[in-house]
Amino acid sequence: MSFALRTRHSVLPGFGLALGFTVLYLSLIVLIPLSAAFIKTASMSWEAFWSTVTAPRVLASFQLSFGAALIAALINAFFGLIVAWVLVRYRFSGKKLIDAMVDLPFALPTAVAGIALTTVYAEHGVIGEQLAKIGVKVAFTPLGVTMALTFIGIPFVVRTVQPVLEEIDPDVEEAAAVLGATRLQTFRRVIFPAILPATLTGFALAFARALGEYGSVVFISGNMPMRTEITPLLIVTKLEQYDYAGATAIAAVMLSASFGMLLLVNLLERWTRRAEA
Amino acid sequence: MSGLVTTRAPSAHRRETQVGESLLVRVLLIGVALLFLAIFLVAPIATVFGSAFSKGVGPYWAALVADETLDAIKLTLLTAGISVPLNVVFGVAAAWLISKYDFWGKSVLITVVDLPFSVSPVISGLIFVLLFGAHGWFGPWLSEHDIKIIFAVPGIVMATTFVTFPLVARELIAVMQAQGNDEEEAALTLGASGFAILWRITLPKVRWGLIYGVILCNARAMGEFGAVSVVSGHVRGLTNTLPLQVEILYNEYNFVGAFAVASLLSALALVTLCVKKVAEWSVSNRQAKREASQRALSVPVRPATSLEGVSP
């Protein structure tokens, strides 16, 4: 049966075994558990589902989660571009170390990031104290949520833009300069179009990651309903009250948004590859 | 879609451009980048170690050898010890499948492998509660047979496996695709069996991708918070992993203790980053060698379009 799936013959053995094992494991660990969420949601009546996901507290959490994730992803797109540019184009001491540090949010457990960021931005924290002097409060406000989401999204734009920037042929920029373009014009007309797809991919990845983030946010947000309560926390709260249906309904909305982002990222990556080719 | 190791490989080839920004712009951009990273990356990680040792080495050590912390360390090691090998076996199978064959539905499969990345950690925990919780699909059957999954160790292992599922696979897929099948096909013509090829040729070829995949998978498995928090039930001494212990200590205002435990996980993260650097370095070295040997075999051709001679 497995042979029917093959369109091109590869001489290497093991196709059937690899396919069988991969699909079995994938189904057991990922597909069956994930489908549970959708089947549970489907067992709710439409009215019950709708009234759950449009309750004021839920809507407030959507607004915070989507809004803060969007702003964090925008911050990361802007600064990520600068970091990628600096790492690819310039030489300065400590560059290798900084390049390695960019991946920290991938490797650092979210709970650790959460308590560390809260301590840094609390009123008596290293940075929080300075900000408090000019009247900016970060910890336990929507701004704190945005800061935490910015932290976990840092690697995405840098790591998607970096390789594309490295592949840009220096000849093209030199040609633009020879033809009389200023540096800014060269950036706007030559470089930026080349790295735009990768930037958007990184932006979408950072946004998707921020949308579902839990560990790094719950410490710094303060978790006040209607004000600083993110959607993943609301799911946990509902679960703790044994409101499985409510938790699942909200989860289904979040999952749909995540899968929509995944689709978008796939389209963007296809665009990136076409732009490179 | 490509892995973290391979995407960074071509850096060795970049030629410096003859045109560039003025010194002022360079300094400004470097300054902005450094400031951004200092505020968002360096400050938090420095805070972890600073706070952990804020009262000296004594309280730090006392927090690490407290009974509850030791229990959490044991459970965390057990969890990673089960879910990482599972994901390694899967990662090798999936990477072999995706990089060695073309088949219908391959791009869908690649997307599905990445699915757990786009699921919120909280939802990753929720789906296992829906399956195995008291009111879940298998809940009544499980309680009849006196098997506990949710609020017990099996649930923690399952949720961790789900969350870290794509990590090894995607590293291996990227490295295996980049390295091609020439050696494997040569081994086959010499009469090697499938497993011999995998064990003697492919795995040594991709070893740094594999090592980094395993280390990253392990760091994430040990550090997973959201998903584990949903399925664990926070039973002290029984279902507390290290990140959950960090949360408990922090919420008890035991900041030295919380940051001491956090410093263990942070050290693990820093080791992971070092391994990644070594892996990148070895992959790009390998590529450079391969290209050098290819260049040695062919007549060098210089592109005629280079503007080097006429640059201002």
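The values are calculated or read from the model by the stated rules, or taken from the named source; none is laboratory data. No experiment lies behind these values; they were computed from the predicted model shown. When we count neighbours, we look across all protein chains shown, and the Cβ atoms used for this are built from the backbone with ideal geometry, even at glycine.
Taking segment B:199-224 as the range and being surrounded by fewer than 22 Cβ atoms within 10 Å (Cβ to Cβ) and in contact (Cβ under 8 Å) with a residue 40 or more places away in the chain as the test, the residues that pass are B:Leu203, B:Trp208, B:Ile211, B:Val214.
Conditions (1) within 14 Å of chain A (Cβ to nearest Cβ); (2) more than 18 Å from B:Thr160 (Cβ to Cβ); (3) not in a helix (DSSP H, G or I), marked per residue:
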position	(1), (2), (3)
B:Tyr60	no, yes, no
B:Ala63	yes, yes, no
B:Leu70	no, yes, no
B:Leu75	no, no, no
B:Ser83	yes, no, no
B:Ile98	yes, yes, no
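Only residues that are more than 7 Å from chain A (Cβ to nearest Cβ) and either in contact with a strand residue (DSSP E or B) (Cβ under 7 Å, 6 or more places away or on another chain) or more than 22 Å from A:Gly125 (Cβ to Cβ) (or both) were counted across segment B:24-40, and they come to 5.
Close Cβ contacts (under 7 Å, 6 or more residues apart or on different chains) running from residues in segment B:13-26 that are at pLDDT 55 or above to residues that are aromatic (Phe, Trp, Tyr) comprise B:Arg26/A:Tyr90.
Of the residues making up segment A:51-77, those that are among the small types (Gly, Ala, Ser) and either within 23 Å of A:Ile168 (Cβ to Cβ) or surrounded by 21 or more Cβ atoms within 10 Å (Cβ to Cβ) (or both) number 7. Only one of (1) within 11 Å of chain B (Cβ to nearest Cβ); (2) under 14 Å from the mean Cα position of the chain (by Cα) fails for A:Thr186. Which number is that? Among (1) within 11 Å of chain B (Cβ to nearest Cβ); (2) under 14 Å from the mean Cα position of the chain (by Cα), A:Thr186 violates only (2). Quick check: is even one residue across segment A:86-97 within 12 Å of chain B (Cβ to nearest Cβ), closer than 27 Å to A:Met261 by Cβ and buried (at least 22 other Cβ atoms within 10 Å of the Cβ)? Yes, the conditions are met somewhere in segment A:86-97. Would you check if there is a residue in segment B:83-98 being over 30 Å from A:Pro13 (Cβ atoms), surrounded by fewer than 18 Cβ atoms within 10 Å (Cβ to Cβ) and either charged (D, E, K, R) or at pLDDT 95 or above (or both)? No, every residue in segment B:83-98 fails to be over 30 Å from A:Pro13 (Cβ atoms), surrounded by fewer than 18 Cβ atoms within 10 Å (Cβ to Cβ) and either charged (D, E, K, R) or at pLDDT 95 or above (or both).
When B:Ile110, B:Ile156, B:Ile127, B:Ile149 are checked against the criterion of being part of a helix (DSSP H, G or I) and either at the interface with chain A (Cβ under 8 Å from one of its Cβ atoms) or in contact with a Gly (Cβ under 7 Å, 6 or more places away or on another chain) (or both), a single residue qualifies: B:Ile127. Are any of the residues in segment B:57-78 of a type outside the set (A, V, I, L, M), farther than 28 Å from A:Leu263 by Cβ and touching a Ser or Thr at 6+ places or on another chain (Cβ under 6 Å)? Yes, segment B:57-78 contains a residue that is of a type outside the set (A, V, I, L, M), farther than 28 Å from A:Leu263 by Cβ and touching a Ser or Thr at 6+ places or on another chain (Cβ under 6 Å). Can you confirm whether A:Glu129 is of a type in the set (D, E, K, R), surrounded by fewer than 19 Cβ atoms within 10 Å (Cβ to Cβ), closer than 19 Å to A:Ile115 by Cβ and out of contact with any Ser or Thr (no Cβ under 7 Å at 6 or more places or on another chain)? Taking the combined requirement at face value, the residue satisfies it.
Looking at segment A:176-268, the helices (runs of 4 or more DSSP H) lying wholly inside it that each contain 1 or more residues that are touching a residue at least 24 places away in the same chain (Cβ under 8 Å) and of a type in the set (Ser, Thr, Tyr) sit at A:192-212, A:215-221, A:231-240. Among the residues examined, A:Ala100 does not qualify as assigned to a helix (DSSP H, G or I) and in contact (Cβ under 8 Å) with a residue 40 or more places away in the chain. If you go through segment A:39-50 and keep only what is loosely packed, with under 14 Cβ neighbours inside 10 Å, within 14 Å of another protein chain (Cβ to nearest Cβ) and part of a helix (DSSP H, G or I), you end up with A:Ile39, A:Ala42. Residues that are more than 8 Å from chain B (Cβ to nearest Cβ) and among the hydroxyl-bearing types (Ser, Thr, Tyr) were ranked within segment A:11-38; the one that is nearest to B:Asp114 (Cα to Cα) is A:Ser27. Residues in segment A:138-169 that are more than 16 Å from the chain's Cα centre (by Cα) and farther than 26 Å from B:Gly226 by Cα: A:Gln162, A:Pro163, A:Val164, A:Leu165, A:Glu166, A:Glu167, A:Ile168, A:Asp169.
Going through (1) in contact (Cβ under 8 Å) with a residue 60 or more places away in the chain; (2) surrounded by fewer than 21 Cβ atoms within 10 Å (Cβ to Cβ); (3) not hydrophobic (A, V, I, L, M, F, W, C) one by one, A:Gly80 falls short only on (2).
Checked against the criterion of being within 11 Å of chain B (Cβ to nearest Cβ) and farther than 19 Å from A:Leu74 by Cα, segment A:198-207 contains not a single residue that satisfies it.
For the condition more than 11 Å from chain A (Cβ to nearest Cβ), more than 20 Å from B:Ser54 (Cα to Cα) and not β-branched (Val, Ile, Thr), B:Gly209 qualifies. With respect to the stated conditions, A:Ala113 is more than 26 Å from A:Leu268 (Cβ to Cβ) and either at pLDDT 95 or above or not assigned by TED's automatic domain parsing to the domain that holds A:Ala204 (or both). All conditions but one from (1) surrounded by fewer than 24 Cβ atoms within 10 Å (Cβ to Cβ); (2) more than 22 Å from B:Trp208 (Cα to Cα); (3) within 16 Å of the chain's Cα centre (by Cα) apply to B:Glu252; the one that does not is (3). Out of B:Ser120, B:Ser107, one residue alone is surrounded by fewer than 24 Cβ atoms within 10 Å (Cβ to Cβ), of a type in the set (Gly, Ala, Ser) and either within 19 Å of the chain's Cα centre (by Cα) or over 26 Å from B:Ser229 (Cα atoms) (or both). It is B:Ser107.
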